[in-house]
Each structure stands twice: as structure tokens, then as C-alpha cells.
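None of the figures in this text is laboratory data; all of them are computed from the coordinates on show. Everything quoted here is computed from the prediction, not taken from an experiment. Cβ placement follows ideal geometry from the backbone for every residue including glycine, while neighbour counts extend to all protein chains displayed.
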């Protein structure tokens, strides 16, 4: 493997510089995600253009509930929807871990991409967290107030727990199959856990993320498969997340990465945390912001540079190039032995 | 004044129970907000139905930029828009503190409501924070990524600073005029400061909130006018906010109020922090959640019960009644001398 800086940084091992990768969101390109050849091509594109230190498989966050039979579809300008949302006791009782054969297109894409990468950079597999999947499943799509899923949480917590238990088993199987297919690191995206109170986050989101992490294969081909846990808006709960079984925590841009490092100590690596919107500024401003974040993390291992969330589709390509160059160039000194 | 529990709690003075109030959002009811008689009536409605400990003037968060001549209008289902957003150097140069006479409808509503309340409960005045107003002014309306205002922040920070300086002076004059008209406490809503990185929050949002707070009249009719500062998503920055000159900080529901109290100590009172969506659960669940928050805050003064943000317009009235009863009933013991 020519470039394993990501895998080393996630395990807090020394690297010559701070690795960087970025996430594109697949939203509404389901046909693309479901055709392994195309998913592979789209996954590799950013690596052909930029000196990124990892690839993340191009897929959708809602493939698992789709395989559960909920009927995922997209409405232009409105995001994902489910034909058969999970709302009442009957819906919940019918819910089951899907046959992983239905998700074979994802595992085929992973295998194909891993092969095509040929060791250039590691391949990251991913899934939505059990709670984040439950948000879409109960709401029937995106939501800006999560009224249905929160009403279930407060009024019928046992129903939500049952959904989350099924989701946790499904996500565990899904990520393990990605690892078997060749994913060298995995990331759990808890996009909506940050919409909960602390008490509810611990009980309904983190508990099930832990269950997933505890069930994951630890190694593949003799090498540890690092796990990254990211809760958008979860900066207040990093201590609890650091005890979840994750090797690294994603940090959103609202959280000070200096403070985050102080709080988690040497328990986990940190991945983050530039505001994706900073990429709309000129190169000098991007470099300044990148340096600010590298300096805030400080010297030593355990930092993967990343945006606080997915990159905007409107981002100018030259901005990504400026960022990658800035991170690689400016971080060498901090990693000198 | 029959019920001054809110004013006392905001100043961390003893009260017989924990006061509670709720905020309705005025969005898209501009005609209502601009007619003092109607604004007064709508402000008093919740107090006629529920045993709330404060009234907040019914108004819109964007009255100040509208008075600046930006042309506020509402598109159904899309929220507020400005006809003339502030995008370039020329727009910024033209910006000025508006003549407060243009906002007289707000001050008339405050005076009328204060009189109608006749001491039943204190009246809270409010404004959007300089940064939150700037978000709408630059974006030209709501936004889910704040691309325009953040691009200005990173690429042309001096332009944004100029907008924020004008906004801070305008908001100071606006809140002082509300105090003169009869507002007994004031609240600064920094709805979008939480979308920033910590470094950007301190420089572009909190610095200008501080400037406003420093310029506010301290007393009215011989009584201190407490100031509340609320940054949605700002839980990570409570220590800095506690040094802003505010008497009390609003706390969103994602932040643990126990942890928040530990962090701010006796410097400020705390207002919060139930998830508005918990009000869609049955009465027992609402009571349980209210008690959980009261117990998390713990005994002693300095707590105003509130939702983490505005109440949903779909909230069942009986849920509000259950909440108010639960807070008043359950909090008496914690306030026993």
C-alpha cells in the first residue's frame, strides 16, 4: 500500500503529514450508487484530481432501510422519501434485518473500487447510524423538526428502541460485509443524533452506535480496520463518544478541535473540522483556515483533516486543490519526529 | 407587580418556584406584527390561557433590516426574503442605522402591551443578534448552508464587520427604545451564530452581541432590566457567553443544563431547555421530561424554564398546560429556603 497515512492517523500512529479526504453526498443519485461500475468510477474521480489520502465509497445513506422494503425514492428538490414509513406498532413489528444479498451492489462496488485503487489510498466504507436511519424511516423522509420520530421517542420509547435494535443489527451486518468486500476503514454517520437532548442522545443514538461498533470485525487482511464515529452537532458529547469503541471521532466545524483534543486526550483520533463553506473563499483564505485548524489540533499524531460535513456540490475544484496542498504542506512540520 | 419571578430568576435572586414562558414565532405574520393593537392582543393570548410567568412581545426578527430599507417580504412556504440583499461594497456602504421612527409600531405595541398586562407578568422585548440579522441581509432570506454570508466572512471579512457594526448600533437603539416603551427584560436571539466555527463565532457574532449588551440601558423605573443572550447551537461557547454582559443565557435542548450550570457557575442565570417536540407526547411524558430538566438544573435560584427554541404552531394547547403545571408544581421544593 503506497499511502496508508489515513489508517495510521486514525489509530494515532505517526504519519509524515496530516492526511485529508472529503465526502461527497450521493443524495438523489440512487441509480448511480446501485451500479457498481459507476459507483466505483465516481468514488475514484476525486482521487484522480486531488492528492487525497482516502476514498469513501460512493453510496447513499439510506440503502439499508431501502433493503428493508420501505421503498426509497427521491423527489427533485425535496430529498429522499420512503413509500412505506415506519409509524405504528404493525410497521415496527414487520421490521427485520434485511437479507444482505439485497445490498450486494454496495459490496460489489466496494470490491471493485478497492481493486481499482490498487493501494493508492485506503477505501472507507460507511453507513448511517441506527438513530439517523430511524429518523428517515419514521419521518418518511427528511425533516426539519423530527416531530414524528421525537413524538415516538417521548410517547412510545419502546417502539423506537425496537426499530433501533433492528437497525443496529442491520448496520453491523452491512458494515461487516463492506469490510469483507475490502473496506479498510468504516465510518458511522450519525447525521441527526445532534437534534436530541443529551439524555435522549445517550439512550437512543450512542447506545446503538456502540452496539454496532462492538459487532464489527476488527481486522481485515491482518490489518486493523479503524472505525470513525461522527455525530453532527455532537460536540458536547465527545467524552461519551470516545468511550464508544470508535478509534476516531468526526468533529463538526462548530467544535474547537483544540478543545476536543484536550477533552478526549489520547483515547481516540479526531477527524475534522473545516466549515465546507470556507471553500468558497479565495486560496489564501482557505490556506489560512487550514493552518488555523492544523495549529489548533497541534503537534503529534491522531489528526485526519476533513470538512465538518459533506462538500458542497458547488465547490470550485481549485479550492479543493488549494486545501489539499495547504494541509499537506503546512502539516509536515507538526509531524517531524 | 403581581408576578416578578422571571425578573428575579434572571438576576439569580430567590423565587418561590421556577418561572416559565414560551416563545411563538411570528414568521410571515408581518401585518399582525405591524399593527400594535393586534400585536398586543396576540402577545397576551398565551397568558390568558396559561399561567405563564412572562410575555414576549409578538414581533418579527427582521423588523430592523426592513427598517433599513431592504424590503422584507414573505413567500408562502419559503420564509422571509429581502428585495434588496446586501451583497457588495456598494450595498454595504449604503447601509445605515435606520430612523427608529420607522419601528414605532414595535414600540407602540410594547407600550400598549405593558399597560394591558398591568403587572400580571413582565414583558420581554427582543431583537435578532447583529450576526443573525446579517445572515438574512446577505443571503437575502433563509439559507441552509449560509454560503453567501460565509463566503463574505472568509473572503471579505472587512465587509461583514462593517455590516455587523451597523447592525450592532441599530439593535442597541432598537432594544433601548423597547426598554423605554416598557420592556422589562430583553432577549437577543442569535439564531444562526451556531452555524459558525468557534473562531468565527467569537469574532463575528459574540463580539457584536457584547457591543449591543454594553450599550443597553441598565434600569427602567428603578428596576434592573435583565438581558438574555441565546445562541442556538452555541452550547460549546457558554463560558465566553457568560462574560458577554448578559444576565442570563438561553440554553438549547442539546446542551445538558446540569453541565451548563457547572460551567457558568454563578456568573449568569440559565434559561431552558426542553425540546419543543417533547410537547407532542402525552402529559405524563411531558411531566417526566420537565422534572428531568428541573432536577438536572438542581436546587437554588437562577433557572427560567423555557423551550430550547420557539414552540411549534402545531403544539396541542393541553400540552402547554401540562408543562406549565409540571414546572410550577415540581419546582416549589427546589426553591424552599
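Return the average number of partner chain Cβ atoms within 10 angstrom of each residue Cβ along peptide A:279-290.
On the way: counts 4, 9, 8, 4, 0, 2, 6, 2, 0, 1, 4, 0.
The mean count of partner-chain Cβ atoms within 10 Å per residue comes to 3.
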| Distances in nm from residue A:298 to the matching label points in the other copies, shortest first (labels 7 Å along Cα to Cβ) | 2.8
| Give me the log10 of I(q) over I(0) for the protein assembly as shown at q = 0.11 Å⁻¹, as the Debye formula computes it from C-alpha points; what are the numbers? | -1.15
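Provide a whole-number value for the mean count of partner chain Cβ atoms within 10 Å of the Cβ atoms in peptide A:150-156.
Details: counts 7, 7, 2, 6, 12, 7, 3.
Mean shielding by partner chains, rounded to a whole number: 6.
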| field | Fluctuation leader among A:37, A:76, A:318 - chain A, Gaussian network, Cα springs under 10 angstrom | value | A:76
| Among B:15, B:315, B:43, which one shows the biggest mean-square fluctuation in a GNM of chain B, springs joining Cα atoms closer than 10 Å? | B:315
| remark: Inter-part gap, Cα centre of segment A:27-103 to Cα centre of segment A:139-180, in whole angstrom, is 15 Å
| task | Specify the angular offset, from 0 to 90 degrees and rounded to the nearest 10, of the alpha carbon long axis of helix A:104-117 from the longest principal axis of the alpha carbons in chain A. | result | 10 degrees
| Label-to-label distances across copies for residue B:217, with labels 7 Å out along Cα→Cβ, in nm, shortest first? | 7.2
| said: Within 10 Å of each Cβ in A:255-261, how many Cβ atoms from other chains are there, averaged over the peptide? | reply: 2
| For segment B:217-233, list residues with backbone N below 15 Å from a point placed 7 Å from the Cα of residue B:13 toward its Cβ? | B:219-227
| request: Counting only C-alpha contacts under 8 Å and six or more residues apart, can you give the relative contact order of chain B as a whole percent? | output: 22 percent
| query | Expressed as an acute angle from 0 to 90° and rounded to the nearest 10, what is the orientation of the C-alpha long axis of helix B:130-139 relative to the principal long axis of chain B? | reply | 50 degrees
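Suppose only helical runs count, i.e. DSSP H with n ≥ 4. What mean residue ellipticity at 222 nm does that imply for the protein assembly as shown under -39500 (n - 2.57) per run, divided by all residues and rounded to the nearest 500 deg cm²/dmol? Spell out each step's value before the answer.
Working: 26 runs with 278 residues, N = 674.
Taking each H run of at least 4 residues, the total per residue is -12500 deg cm²/dmol.
Apply 1/(1 + (r/R0)^6) to the Cβ-Cβ distance of residue B:45 and residue A:321, taking R0 = 51 Å, and write down the FRET efficiency to the nearest 0.05.
0.35
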| message | With the label 7 angstrom out along Cα to Cβ, how close does residue B:91 come to the same site in each of the other copies, in nm, nearest first? | response | 4.1
| request: On a C-alpha basis, how far is the centre of segment A:185-262 from the centre of segment B:208-231 in Å? Whole number, if you could? | output: 39 Å
| Picking from B:35, B:63, B:172, which is most flexible by a Gaussian network model of chain B using Cα springs under 10 Å? | B:35
